[in-house]
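The block underneath contains the structure these notes are about, expressed in structure tokens.
The values are calculated or read from the model by the stated rules, or taken from the named source; none is laboratory data. For clarity, every value in this text was computed on a predicted model and none was experimentally measured. Here the Cβ positions follow ideal geometry from the backbone for every residue, glycine too, while neighbour counts run over all protein chains shown.
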């Protein structure tokens with residue numbers, strides 16, 4: 001069974017097509033042969049069912065099923081163009097799910113593409129988490145930098161800096177930090193940024209970077225002028241986001257970055273323990 005599974009996996013990987021952007025896809029014509037469909041007409045019916053499943057999953061069908069042509073060889077060295085599709089891994093999975101389950105090839109395809117699709121989802125999730133963690137780290141550095149800048153220009157108390165930062169939130173989201181936490185069901189003792197998506201984190205980082213640059217460039221002093229510069233930067237950033245159809249206050253909170261960091265720390269510890277046990 002294991003040998004057959006490995007053979008099936010190798011077969012699907014052999015017909016996979018990758019381009020220079022690392023995008024991977026499969027030809028529907030090639031997949032049809034692997035799944036032991038003899039007639040394009042019957043296989044196309046399965047493709048249409050898979051498209052319906054894709055649509056019902058609120059996915060954009062044309063992102064996963066790209067229509068095109070394929071040149072096939074005919075008897076005595078002849079060739080002709082035939083209808084074809086370029087399929088993503090997800091599209092192949094849907095086709096397998098909608099295929100004739102009595103075929104052993106279909107059964108293996110269902111398992112193979114379900115497993116591979118899950119792996120891809122996990123990898124994409126890890127990538128998104130990495131981006132958020134990196135953006136959060138950069139935002140911390142920007143906060144520390146601008147804190148040092150304004151403390152030397154007549155913002156001297158921690159509560160004054162907290163008020164200074166809240167001006168950024170009020171302008172970017174059109175509500176106070178307290179109200180935004182209530183809206184997003186975030187505890188009042190937690191930082192909003194720990195629940196921000198990557199766009200929000202980078203927007204806040206950009207606001208601080210512009211503000212810090214202009215405070216130093218204009219040689220600004222006094223709390224009112226410093227806050228005015230911060231508000232101006234936040235206002236420009238909000239307008240840019242709105243032009244791109246991103247409404248900051250309507251963005252959904254993401255998984256707590258503290259939990260992600262804790263989960264990764266536990267995973268790292270467990271992996272290290274397993275490595276030690278294997279070497280013992």
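Things worth noting here:
- Residue within the stretch 142-156 that is under 33 Å from the mean Cα position of the chain (by Cα), within 19 Å of residue 197 (Cβ to Cβ) and at pLDDT 80 or above present: yes
- Residue within the stretch 182-200 that is modelled with pLDDT of 95 or more, in contact with a helix residue (DSSP H, G or I) (Cβ under 7 Å, 6 or more places away or on another chain), over 14 Å from residue 252 (Cα atoms) and surrounded by 15 or more Cβ atoms within 10 Å (Cβ to Cβ) present: no
- Filter pass, residue 121 being surrounded by fewer than 17 Cβ atoms within 10 Å (Cβ to Cβ), touching a strand residue (DSSP E or B) at 6+ places or on another chain (Cβ under 7 Å) and modelled with pLDDT of 80 or more: no
- Residue within the stretch 242-253 that is assigned to a helix (DSSP H, G or I), under 21 Å from the mean Cα position of the chain (by Cα), in contact (Cβ under 8 Å) with a residue 60 or more places away in the chain and under 19 Å from residue 191 (Cβ atoms) present: yes
- Unique residue being over 27 Å from residue 129 (Cα atoms) and assigned to a loop (DSSP other than H, G, I, E, B) when the list is 220, 230: 220
- None of 214, 270, 219 is assigned by TED's automatic domain parsing to the domain that holds residue 182, without any contact (Cβ under 8 Å) to a residue 40 or more places away in the chain and farther than 24 Å from residue 154 by Cβ except 270.
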